[in-house]
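Before any comments, here is the structure.
All of the numbers you see were taken from the coordinates with simple rules; none came from a lab. Computed from a predicted model, the values in this text were never measured in an experiment. Cβ atoms come from the backbone with ideal geometry, glycine included; neighbour counts cover every protein chain shown.
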Amino acid sequence: MIWLAEGKVNNKTMRILLITPAPPRSRAGNRATAARWAHILRTLGHTVEISVSYTNQTADMMLALHAWRSADSIQLFAERFPHRPLIVAITGTDAYRFIHSHPQPTLQSIRLAHQLVGLHDLINNTLPADQRHKMHVIHQSAEPVAKRNPYKRYFHVSVMGHLREEKDPMRPAMAVRNLPASSRIQVHHFGKAHSAEWAQQATAEMRINSRYHWHGEIAHHKIRQVYQRTHVLLLPSRMEGGANVISEAIVAGIPVIASNIEGSIGLLGEDYAGYYPVEDEQALSELLLKAESDHKFYNQLEKACIARQPLFTTDNELNGWRQLLNKL
C-alpha cells in the first residue's frame, strides 16, 4: 500500500518505519514487540525498517512504540509528512506513568497519531475522551508449547519479568517467606536485573529464602521449556501495557495469578478469580496457597485461561493488524 497525498491508501506495498526505543539485540519487551510487529507487517506484504529514532528517513508510514520515549521521532515525522499515516503504540508506562508525569510530550504524541494501538481491553480508560476513537486493541499472540507435565515433587510458580520498579519483582519472594512447612511452593524468577541493586536484592533473598530462586535472563526457548513444567505463572506488576507473558501462559494452558492492575484485567477478564491487590504480599501468599491446595480453584483458573485462548491466536493478531491498516 502507498499513502497518497489526499490521505488515501491503495493496495500497493508500504515502506513502514517502525520506531522502538530499545536498541538492537536488546531483550527488552519493546524490542521483542517491535520484532514481532515487523514480522507481521512483512507477512502482510510491507517493507519494514526498525530504528530507535527518526533520522529523516523517507517512509510511507510510521509505527512508533511508546508515546513518550519516541515523542521526538513522532513529532519530526508528523512535521515532515503531515498527511502520511502515523500509528502510535501506547505502552504500559505511557498509560500509567508518563501521561501523568510527562503529559505534554505524551499527549502530543497521542494527538499527532492517526491511529493508536493498545494491547489490552481497558487501555482506553487512560486516554483523553477525545482521543479514544483512535484506539485499536490488538492482542499479542503466542505459540502453543508441547504437552505440559508439571513437576510432581513441588508446586512450581514462575515469574517472568525483569527486575525493575514497575514489575514489583520482589513481591513473590516476600509472599513465600513464611509459608507453612507443609507447602511445596517454590518460586522461580526469570529476568534481567536492571541495576546492581536489584541483583543484590535477589541474591540476598535467595540466601534467606529457600523458596525463592532467581535465574537471571534466559533465552526464550528455555522459557517455553519452563512453561511445560510450571503450575502457575505469577505476574506481580505495578503497571503493564498488556504483558505478552500472559498471552503465552493462556495459550500454554497455564493458570495465571496477577496483581489487579488494568493491564492484566484487560487480558484475563474482569471476572477472573486469580487477582490479588497490588503490592499486597499477604493476599498473594494466601492466593498461592489456595492454588496449591484447592484443586477446584486451580481447575477454575485453568479453565478460565483456556477459554480465552482464541483471543491470542496468530490469526487473530494478524487480522487485527490487517483491520487497522485498512482503517487508514
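Odds and ends about this structure:
- With contacts taken as Cα pairs under 8 Å and at least 6 residues apart, segment 98-145 reaches a relative contact order of 35 percent.
- Annotation: lysines with alpha-carbon distance below 29 angstrom to Lys222 (same-chain offsets under eight excluded): Lys147, Lys152, Lys167, Lys192, Lys290, Lys303.
- Extending 7 Å from Cα along the Cβ direction at Gln225 and again at Asp130 yields two label points whose distance is 5.5 nm.
- Binning the alpha carbon pair distances of the chain at 10 angstrom intervals from zero yields the distribution 6, 26, 33, 22, 11, 3, 0, expressed in whole percent.
- Stokes-Einstein translational diffusion, segment 163-223 - Kirkwood Rh over all Cα pairs, 1.567 mPa s, 4 °C, in µm²/s: 106
- Straightening the chain between Ala199 and Arg177 buys 6.1 nm, computed as 0.36 nm per residue apart minus the Cα-Cα spacing.
- Amide N proximity, segment 43-66 versus Phe81 label position 7 Å along Cα-to-Cβ, cut-off under 17 Å: 45-65
- When peptides 283-293, 140-150 are ranked by their average number of other Cβ atoms within 10 Å per residue, the highest-first order is 283-293, 140-150.
- Two-site FRET efficiency, Thr314 against Ile218, from Cβ-Cβ distance with R₀ of 25 Å, rounded to 0.05: 0.60
- Electrostatic tally near Pro150: other residues with Cβ closer than 12 Å to its Cβ, Lys and Arg +1, Asp and Glu -1, net +4.
- Cα-based convex hull, segment 281-328, per residue volume (Å³, whole number): 103
- Computed from Cα atoms, the angle from the helix 196-208 axis to the main principal axis of the chain rounds to 20 degrees.
- With K and R counted +1 and D and E -1, the other residues having a Cβ less than 13 Å from that of Leu18 yield a net charge of +2.
- When both segment 97-122 and segment 213-261 are represented by their alpha-carbon centers, they are found 26 Å apart.
- For the residues His114, His156, His221, a GNM of the chain with alpha-carbon springs under 10 Å puts the largest fluctuation on His221.
- Averaging the sequence gap over all C-alpha pairs within less than 8 Å and six or more residues apart, then dividing by the number of residues, gives segment 155-311 a relative contact order of 25 percent.
- Using a Förster distance of 35 Å, the FRET efficiency for Asn149-Ile208 (Cβ separation, nearest 0.05): 0.65
- Over the chain, Cα pairs under 8 Å with separation of 6+ residues give a relative contact order of 15 percent.
- Size of segment 155-311 as Cα extents on the principal axes (Å, biggest first): 40, 33, 28
- Taking the Cα centre of the chain as reference, the dipole from Cβ charges on Lys and Arg (+1) and Asp and Glu (-1) amounts to some 960 debye.
- The chain - mean residue ellipticity at 222 nm from DSSP helices (-39,500 (n - 2.57) per run, n ≥ 4, rounded to 500): -11000 deg cm²/dmol
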